[in-house]
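Worksheet: one structure, shown below.
Rule-based calculations on the coordinates, nothing more; no lab input. Here the structure is a predicted model, which is why all the values come from computation and not from measurement. We place every Cβ from the backbone using ideal geometry, glycine too, and count neighbours over all the protein chains shown.
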Amino acid sequence: MNKKTSGYYRDEFNKMAWIYDPAVSLIGAIFGGEKRIRRKILRLADIKVGDKVLDIGCGTGTSALIIARDVGDKGEVVGIDLSEKMLDIAKRKIDRSGFHNVTFLKANAEDITYHDSYFDKITAFAVLHEMNHEGRINTLREIYRLLKLEGKALIADYDLPEKIGGILLTGLLLRMFEGETARDMIERGIDSEIKEAGVNLRIVKKESILCGAGQVLLMEKQGA
């Protein structure tokens, strides 16, 4: 659709693609297992057989594989990412899995080439904090545009922690892995950025994860 985008992207993801899955699995093991955490979060979206689901920032495709099983042969999963090497790994996973209901595309979440109200559900796992402020606002507007009326968006990302465990974990993760965009998102808050984006995404559920270092927001598209 050739919209104006922020132009921001961390190329580190191409460089770290080979180690991404082992690293995430190691961190996830501390909290009971990466796939277990992803499944628990995805259950909030109530993904059904036949649903069309967009996975923003799909990375190496771990969530997309879980969703593909949930939507079945009549459903559709589209995973988008800007890292070609991450997508290469995701495509190899799908080839091995035997699923035929998944498409992986190199695409910018700020400008997605699907028509309005195409998707029943949209997921974004630990991706908004990798965008600058302009990029997050544009992406929230795209999420609203692409969702069907009363469709659900599921966002899992950093939160502003209040308890000592979450404060320590957030500090460690920010120092080891993140850039300034993550700190900016935490300070601004996703809730306030939804309002700034001017979209009617109603938060229907909010859950704390990772000792308060993270949050899961389930949002529903309301009429304009």
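If one computes P(r) from the Cα atoms of segment 12-221, what percent of pairs lie at distances over 28 Å? Spell out each step's value before the answer.
Working: 4746 of 21945 pairs.
Value for segment 12-221 (Cα pairs over 28 Å): 22 percent.
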(message) So if I take the centroid of the Cα atoms in segment 106-132 and the same for segment 6-75, what is the distance between those two points in Å?
(response) 13
(request) May I ask you to evaluate 6.51 cos²θ - 1.76 cosθ + 1.60, the Karplus curve with θ = phi - 60°, for each residue of segment 132-149 and list the ³J(HN,Hα) values in order in whole Hz, giving x for glycine and proline? (result) 6, 4, 4, x, 5, 4, 4, 5, 4, 5, 5, 4, 4, 4, 7, 6, 5, 4
(request) Among DSSP beta bridges lying fully in the chain, give the percent that are antiparallel, nearest 5. (result) 45
(request) Take segment 107-224, drop everything but the C-alpha atoms, weight them equally and run the Debye formula without solvent; then report log10 I(q)/I(0) at 0.13, 0.17 Å⁻¹ to two decimals. (result) -0.49, -0.81
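Any idea what the alpha-carbon Rg over 2.2 N^0.38 Å comes to for segment 164-224? Each step should come with its number before you reach the end.
Numbers: Rg = 13.6 Å, N = 61, 2.2 N^0.38 = 10.5 Å.
Its radius of gyration relative to the 2.2 N^0.38 Å reference: 1.30.
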(message) Taking the number of other C-beta atoms within 10 Å as the exposure measure, put GLU193, GLU150, GLU130 in order starting with the fewest.
(response) GLU150, GLU193, GLU130
